[in-house]
Structure formats: structure tokens, C-alpha cells
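All remarks here apply to the structure that follows.
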Amino acid sequence: MVASGQPMIQLRRLYRFFGQTRAVNDVSFEVNAGQVFGFIGPNGAGKTTTMRILSTLDLPDYGDALVDGFSVINDPDRVRKRLGFMPDDFGTYPNMNCLEYLDFFARSYGLIGRERIKALRHTLSYTGLDKIAEKSIQGLSKGMRQRLCLGRAMIHDPAVLILDEPANGLDPRARIELRQMVMGLAADGKALLVSSHILSELGEMCDCLGIIERGTLIASGTVKEIQNRLHPHLNIRVQMLGNTEAAVDWLRTQRGVVQLTSEGSTIRFQFHSTADEKSREVAQLLKAMIQQEFEVVDFTTEGKTLEDVFMQITTGAVQ
Amino acid sequence: MSATSPNDLFADISLTPPVVGLPPTEINNRFVQLPEEGWRVYWAWLSERANPIVVKEARQALNSKQFTISFSLTLIAVICWTLLAVVIQLPSLYYVPGGMLMLAGFMVILSFPMLLIIPFSAFRSMIIESEERTFELVSISALSARQIVNGKMASALLQTIIYLATLTPCFVITYLLRGVLLSSILYYLIFTLLLSVTLTAVSILVASIGRAKLLQVISSIALLAGLLFAAFTWSMVTVNTLVFWDFAGWGLNVVIGVTMLTCTLVPVCLRSATAAIDFPSENHATALRIRLTIFLYNCLGWGMWIALAAEEDEACYTFICVGLALFLLVGSFVVSENGIISPRAQRTLPRTVVGRIFGTWFFPGAGLGYVYMCCMFTGWTIAWIALALLAPNFQMRINETEQIIAMSLLCWLYFLFYNGLARLLMLAIPKTVSGRMVMGFLLQAILVLAGVAVPMIVISLLNGFRQPDYGWHQFPNIVWTIGEVSSTGIASVAPSFLLLALFAIPIFGLNLLLCGRDVLLVRIHVPGRLKEEIQANQPEPPATPDPFA
């Protein structure tokens, strides 16, 4: 297969209606190779519907989605060869063990001979399933089943991976391992679209985020971009060794410093800046404080977490 | 995928250490090891090239209790029957041929796994895929819908072969016991096999169409009842015909006829099942209509052969009417399809004038489908008219030429009228509504029944519930009008004939106008990205040696 050089995932004004409900309402975004795109939204926001359309399991009412330049409507056969999908709720076959399951999907993706054996070996070791390869699927724990499903999705070395709630129901260790796997796959040059309710994890593993609510993409971009869009100022906390009052008086005179408060030896303020490089201006402020011979012990910017951003941007409304 | 060929696919992946977990363990399993020397190499080669669904189903079947139980029960039944038949026929078995009774028993035993268990297993296998949510995973793999359906069919055939192979020694014993011709044994086995294949294909089709939960439950019950009926009926037919029917005379013709019908019907069922589970933009209409054409004209051919062999005009009437029923049935499904000429299908539209005149009707769309069915039935009608006109020239007994022609034309008009009406009414139902096929079938049935009942009721009411005579007002009544033609001739139905033509031809014209948009569509270019990939995947032409080098 030949890569196109264009974004691996492109959503172009996607709409999907279920009766009066607009499950997906004019959603557009792009994901490039090697990028992890986090898809966040409350339950019923339209994440799974969007992912199912991208995986060629559903059709949009309007708009189109492209995977490596191929339309999910008109060329789903080409899309499927390039795509690995890990659904939230997936099925397994009875009377099968992990190896037989993966072997069947390897064959289904057209892998034969040495390629199939290599793919099986690699997938088993990558997902850590090699020790339980001959164990029946019905006896697997939730975490192991998630690994098996990830293995199934990546067995044919797809360029695009779509993971719907991959960390759902996993214990902390399994989550960390899954995060490492996802980041490893992105490092291999794959484009990943991941949805999750565990926002802290998404914030760590994703290069880009899209926040969707009631079918509409209400924010998208890098975590920092979204944070900056919502909060153009920085919250700064300064811990002084002494001379706090003088420091407060001096800070009041500085440009961009507002909402100054002090409590004991701790000073808190907001720093407003229109410059793109806020960090540089913050560094200059710190430098100036040191030059004024203020005894600064700690100087920290307190950004909003992804949870804060999510709570602020979404209304929690359902349709 | 970044790799350009399967050989490169995992070239560097195999060197990549696992990101998480402990170091990989060595797996001693045949799935992840290259086959050793000898027969295993050939077996591996064969299994690699087999349909993955067949491989998976075979593995699952071998591990499943259902196959073990049904297979064991069949074996036990065969052994018990062998012993019982011998005991019943003793001591005369030593000098009187006893194969007949033995064969009858074996055929009854065989008909249950072949006509009940195997088709129902194929049905359940498809249903379980959607119940267990594995179907979605398979459908988005590189397997095409056709491979999935063919895989299910092939797995069922594999089971059939196992059952037949297991029971072969029993049939050998039957032949050795004398009293039954070898050809008779073969005929019965072929009929059972063909019936089993047809029922399996139908079961797969039913499972593919009924994707909604309620429809699955209803279809499960209906199919199980139908298969039980088929197995029981076939057992009875086998037992009765073994005793009363001598196959030696014209058994071969029947075998050829049934084989040809099965061989043309099964591809229609399988292709329909494929279309039901495939993505909507794919053009299945062309392949399906080609198969339908072959099946319908095969039916026509055998119908004509039987009519001529029977040397009865009634046989002609019967087959013309059977043709109308068959076309109305198939037509009801065709006019209720929700396919459209997608941009994908538009890439393959015919370009030449001749191609557009003849090929457009094979493209998706209920309107185009209706015109296609009308063309097919026109051909069918012309064939019967030609037979009626030409038969006397070839010393074939056709007495009532005019009546056969009239009946053919009448059936043709009925088809244009009722199927066209169904198509127009189906336009009111949105394409997104599921179960359109069922709706189309019910609508067609209701229309035909209303055509029979409404004029009868109205005239009865007007006549004070006295038995009315046939008149022009009965023109929508298929049953009475056709009965009238066959019994009294064309003269009594002439006004109905004209009235029917007056309604049927405008309905056809209206349908033709409504599918004008589809007819005017022209072929579109293949998208650049697709062209790029097709070109990249084309093998490079071998370098021509330079003779001057």
C-alpha cells in the first residue's frame, strides 16, 4: 500500500442523525501520521458514532471521512486495509484461544505464510499475550481481553488505529501499559484516534484533542492550545523567604500582573499576556524579581488541568 | 500501511522490542512456527490459501459440542437401523433382496442432518456473529462480504461431505444387499445433497437479511419449522418413491434439471446474502441481476421442456402462471431494494451507447430494477408466444395456440401493472427504513390479493350477494381472469384485457420516467488517490532485453 502524504484521518463536515437526534453535527478534524488524537466528550456526545463512521461500520448522512485519502463511503474496502478498530464493546468467539483468535484475524487481513507468523509473534509479544497465547478467551480478565482486542486491531500493521475507550475497566498498571503501547504505536508512525473518559491519561498521551458535546466539536487542537484559548492568562504562585510585602508592592507595578493576593509568604497572581511566547515573559518577570534581590524560593505556574478545561467547556447537556 | 510489499511488512517490526511487559516467551505452537518437512508443508500451504472463515468454522466445529452430538447421534441411528433392518428381514434376507428397506431407512436418517442440522447450523453461525458482536470485527477486516458468505457456505459443505463420507459404507451395504439399482442410490444422494445445498444457501440468505433482533427471532422459528417440514417431507418422498417410482426411465433428466435449478438458484441466494451484509455503496445489482437472468431463463427452459414432454396445453398454462408468480415474487424484492447508483458504482457505468441501452438496467436502483424485471418478463412472454407459434412446425403437440398467446400477454400485463404499482407505492417509504424487502413482499402480496378480493366484494354487494358473472370489472382479478382465459378463451376477457393494458402501460411509462435520472447518469472518473494506488500496485512490466546491447 502506498501512503498518500496527506493527513491520515480527515473528517469533512460529518453529520449523522438518528431520528431527531443529531449524533454527529458538522464535525471536521484531521489527524496526521504519528499523531495521537484524543476524543473527549460526555456519554452520548457522538464519539462512538464518529469512530464507527471512520471504521466503515456506519454511514454519515452528510459529509465524508477519509482515511489515507480514501472515502469511507465510496472506498471502504481500501479504508479497511489501512485501519485497525478497537471498539468499546467487542465480541470474541467461543471455543477459541488467544492464538487461534489472532490467527483467524491475521488470515482475514490477507497475511499468509511467514508474514502471518511474524505478525502473530510480534503482536503476541507487543501486547504481552505470549504467556497466555493458548488460554481460552472466555477465561481472560478484562485487561487481557483489552490487550487481545488491541492485538487484533494492530495485527495487520495498519496505518490508522481507532481505539474507543481502550482503558475502560483496566487496573492502574494495565492503564500505564496501555498508554505506553499507544505511545509506542504513535512512535511507529501510526495515526491514532483515542477516546477515553480518563482525561488525565489522554492529556499525557495525546498530541491533539477534540472535545465533542451533543454531536458538535466544540474545541480542538493541542492541549496547550485549548487551555490558552480558554485561559489567556497564567496563574502564578510565588513562595518568598521574606520581604513579601515589598515583593507584592513591586509586582503591582509590573505590566500584566492582576488579581494579586498574598497569604503569609505565598503570593498568587494572574499574568496576562498577548504574546505567543508567554513563558518568555514569565521568565523575564522572574529574572527581574531576582535582580530586585527578592528572596524567591519557588516560582510556579499553575495551569488548568484537562479536567478543568473539560468541565469549563462542556455543559453536561445530553440530547 | 507504510510497507510496500508483504515481504517488507514486518522486516523491521520483528527487531522492535516489545514496549511493555516482560521479555517475550518462546511459543511452541504450530500457528507461530513454520511447518516442518513432509505433508505438513502441503497442508499448511492449503490452509493458508483456504477461506479464513472455513478454517475458523472448522476449528470451532471440531471443538463444539453441537457437532459432536449431532454426528454421534447420526452414527448411532445408522448402526441401530442397520441392525434393526437385518433383524426385521431375517431369515428371508439370505435369499430375498433387502436393499430397498435398508436404503429407505438410511435416507430418512441422512435427511435430518443434511436438511435440518447443517442448514440451521449455517443460519445460526451467521446469527451468532451478529449476536456476539464478532460480525462487525470480521466485516471491517480485509475479507469481502462475498468471502464471508462463501466461507459460511463452504463450511456447511464441509460438514455435508463429512456426513456423506461417513454414511458411504452404509450405502455400499445397501447395494450389496441387492434390490436397489446403483443409479437409484446415486440419484437419491444427489437429490439430498442438492436440497441440502439449496436450503443452506436459503438459510444463509435469511440470516443475512434479518439483522434486527425481532426479525432474527421470527426468522429462526420460521426457518426451523420450514427445515423440519423439508426434512420430514423429503423423508416421506424418498420412502414412497423408492417403492413406487422407477427412476431408470427418466431419472437422469430430472437429476439434470434439478441440478441446473440448484446451480442457478444457489448463486442468486448467496449473492443476495452478500449484498445484504456488504457496504451500501458497492454495486451488487449487476452481479445479482446477471445471476437472476440465468436462473429465470433456466426455469423457463425447464418449464418449456416439461410442458412439451407432458404434451398437454394445461402444462403450458401452469408454467406461464408459475412464471408470473415467480416474477412477482422476485420483482417485489427488486422494486423494494434501497440501493442507489453511488459514486463508486458510477465509476463503472457503461460508456458506449449500446452499453448504456443494455447495461444501465443492471445497475442499482428500484426503478432500474423494475424496468429490468419487465424486460426479463417480456423475454419470457416472447419465448412462450414463440413456442406456441412454432411448436406445430416441429410436430410438437400444442392445440390452443391463441389461448397460450393470450395468457402470456395477460400475465405480462399483470406483471407490468402489479409490480409497477408496488414500485410506485414503495417510493413513499423512506430508504432509511429497515426491512424494506419484507415490506415490498407484503405490499406486492396485498396488492394482488386486493386485486382479487375488492372487485369480487364490490360486485357481490351490488348484486345482493349473488354469485356474479365474469365481466370487465374483474380485470384486476388475476385468478378469475386467467381461469376464464383457460376455460372459455380470449373472447370473454377481451374488455378486461383492454382495461388492464390501459392501466398497465401508463404505470410502466410513469416508472420509466421516474428512473430517468438514473438513466442519464454518466460514468465519473476514478478519484486521484485511488488511481495512484492502482498504478502503484500494478506489477512492473518485465524489462525487454535490448537486442543491441
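Summary of values
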quantity	calculated
Flag if B:R124 is surrounded by fewer than 23 Cβ atoms within 10 Å (Cβ to Cβ), under 33 Å from the mean Cα position of the chain (by Cα), part of a helix (DSSP H, G or I) and in the same structural domain as B:A230 (by TED's automatic domain parsing)	yes
Lone unmet requirement of (1) touching a residue at least 40 places away in the same chain (Cβ under 8 Å); (2) part of a helix (DSSP H, G or I); (3) more than 19 Å from B:P506 (Cβ to Cβ) for B:L442	(1)
Residue in the stretch B:466-480 that is closer than 26 Å to B:F319 by Cβ and among the hydroxyl-bearing types (S, T, Y) present	yes
Considering residues of the stretch B:198-237 that are of a type in the set (F, W, Y) and touching a Ser or Thr at 6+ places or on another chain (Cβ under 9 Å) only, the residue most open to solvent (accessible area, probe 1.4 Å)	B:F232
In the stretch B:178-197, the residues that are farther than 21 Å from B:L270 by Cβ, open to solvent by 40 Å² or more (accessible area, probe 1.4 Å) and not charged (D, E, K, R)	B:G179, B:L181, B:L182, B:S183, B:L186
In the stretch A:60-94, the residues that are touching a residue at least 40 places away in the same chain (Cβ under 8 Å), over 20 Å from B:E532 (Cβ atoms) and out of contact with any Cys (no Cβ under 9 Å at 6 or more places or on another chain)	A:P60, A:D61, A:Y62, A:G63, A:G84, A:F85, A:D88, A:Y93, A:P94
Filter pass, B:E311 being closer than 23 Å to B:I405 by Cβ and either in contact with a Lys or Arg (Cβ under 8 Å, 6 or more places away or on another chain) or within 14 Å of chain A (Cβ to nearest Cβ) (or both)	yes
Some residue of the stretch A:2-17 being within 12 Å of chain B (Cβ to nearest Cβ), within 30 Å of B:P35 (Cα to Cα) and of a type in the set (G, A, S)	no
B:A366 vs. criteria assigned by TED's automatic domain parsing to the domain that holds B:S487, of a type in the set (A, V, I, L, M, F, W, C) and farther than 28 Å from B:V493 by Cα	yes
Single unsatisfied condition, B:I340 versus (1) assigned to a helix (DSSP H, G or I); (2) under 29 Å from B:A445 (Cβ atoms)	(1)
Near pairs, Cβ below 9 angstrom, 6+ apart or cross-chain, from the stretch B:484-507 (in the same structural domain as B:G420 (by TED's automatic domain parsing) and over 22 Å from B:L424 (Cβ atoms)) to any residue that is open to solvent by 40 Å² or more (accessible area, probe 1.4 Å) and of a type in the set (D, E, K, R)	B:S486/B:E314; B:S486/B:E400; B:G489/B:E400; B:G489/B:E402; B:I490/B:E402
Residue check for B:A310: out of contact with any strand residue (DSSP E or B) (no Cβ under 7 Å at 6 or more places or on another chain) and within 30 Å of A:I73 (Cβ to Cβ)	no
Every residue from the stretch B:277-290 that is assigned to a helix (DSSP H, G or I) and open to solvent by 40 Å² or more (accessible area, probe 1.4 Å)	B:I290
Scope the stretch A:115-149; condition facing chain B (nearest Cβ under 7 Å) and open to solvent by 10 Å² or more (accessible area, probe 1.4 Å); matching residues	A:E115, A:I117, A:K118, A:R121, A:H122, A:S125, A:G128, A:D130, A:K131, A:E134
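So that you can scan it fast, the table gives a plain yes or no per residue for (1) touching a Leu at 6+ places or on another chain (Cβ under 6 Å); (2) of a type outside the set (D, E); (3) more than 7 Å from every other protein chain (Cβ to nearest Cβ):
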| site | (1), (2), (3) |
| --- | --- |
| A:P42 | no, yes, yes |
| A:A45 | no, yes, yes |
| A:T48 | no, yes, yes |
| A:P60 | yes, yes, yes |
| A:D68 | no, no, yes |
| A:I73 | no, yes, no |
| A:R82 | no, yes, no |
| A:F90 | no, yes, no |
| A:P94 | no, yes, yes |
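The values are calculated or read from the model by the stated rules, or taken from the named source; none is laboratory data. Remember, it's a predicted structure, so these values are computed and weren't measured experimentally. Cβ: placed from backbone, ideal geometry, glycine included. Neighbour counts: every protein chain shown. Areas reflect the complete protein model, heavy atoms only, side chains present, ligands, DNA and RNA absent. Shrake-Rupley method; radii C 1.70, N 1.55, O 1.52, S 1.80 Å.
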